[in-house]
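Only the coordinates and a few stated rules stand behind these numbers; no lab work does. The shown structure was predicted, so the numbers you read here are calculated from the model rather than taken from an experiment. Every residue, glycine as well, gets a Cβ built from its backbone with ideal geometry; the counts of neighbours run over all protein chains shown.
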Amino acid sequence: MTTDTYRNPSADPGSHLEIEPRVLYFGTPVALVSTLNDDGTPNLAPISSLWALGMLLVVGLGATGQTARNLEDRPEMVVNMPSADLWERVERLAPLTGRDPVPEGKPPGCRFEADKFGAAGLTATESVLVGPPRVAQCPLQLETRVRHVRADDSGEHVIVEAQVVRVHAEKGVIVPGTHHIDPASWNPLIYSFRHYFGLGVERGHSHRSQTPTRGGVGGRAPEPSRA
């Protein structure tokens, strides 16, 4: 099959097969969600079902996890976005749960861990408007207040809607003098069919982009826009 045919599969009606994949993680950003336990200690959980609509986040969580339990009584969380180079620390959290005993339905090998931050080698830092701490190593940290939590049709997950109330961004990923994240410097950790990736080279930008380039070269001069 030629490269052109691959890029345009419709040119070959036989190029598709019917499959039944177990997961549909097409390529989603990884987040570390911090919440507070009953005793005031923090819980930290990796997630990969997340999208944003303006300043509203929609997050998918396992229904039996400690994060979902915490949000029932304390509806605040911080959504921390790790960079690609943090993948090993994120993976350290994957087999851990903040619930003791380990709830049924968790994958084999899953074990209880009270100190998730310590287990992953990450640092908790105080938030400004919410109780749960931020992850110091993550270049983007979103403090949120949860508006709605509901079960999905399967009963295996909960769907969380949360309003972002404060955004913290590392200086290195901000276009100087603006409120824009610099796409050329921002390299989030991406989860694609249970494998970890970063971003590749930029291919272009949307006609709606208002992000100035650094120094104004090739784009608008930096200005304090929030779009």
In sequence order, what are the phi-derived ³J(HN,Hα) couplings for region 100-109 according to the Karplus relation 6.51 cos²θ - 1.76 cosθ + 1.60 with θ = phi - 60°, rounded to whole Hz, with x for glycine and proline? 9, x, 4, x, 4, x, 6, x, x, x
Which order, highest average first, do 90-99, 21-30, 138-147, 121-130 follow once you tally other Cβ atoms within 10 Å for each residue and take the mean per peptide? 138-147, 90-99, 121-130, 21-30
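Between residue 115 and residue 203, how high is the FRET efficiency from 1/(1 + (r/R0)^6) when r is the Cβ-Cβ distance and R₀ = 41 Å? Nearest 0.05.
Numbers: r = 41 Å, r/R0 = 1.01.
Here the calculated transfer efficiency is 0.50.
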Which value in nm describes the separation of the simple spin-label points at residue 194 and residue 164, placed 7 Å from the Cα toward the beta carbon? 3.0
Taking +1 at the Cβ of each Lys and Arg and -1 at the Cβ of each Asp and Glu, which of 53, 71, 130 sits farthest along the dipole of region 53-183 towards its positive end, judged by Cα position relative to the Cα centre? 130
Note down the net charge around residue 32, summing +1 for each Lys or Arg and -1 for each Asp or Glu among other residues with Cβ under 10 Å from its Cβ. +3
Grab the other residues whose beta carbon is less than 11 angstrom from that of residue 75, score K and R as +1, D and E as -1, and report the net. -1
Summing -39500 (n - 2.57) over every DSSP H run of at least 4 in the chain, dividing by its residue total and rounding to the nearest 500, the 222 nm mean residue ellipticity is -2500 deg cm²/dmol
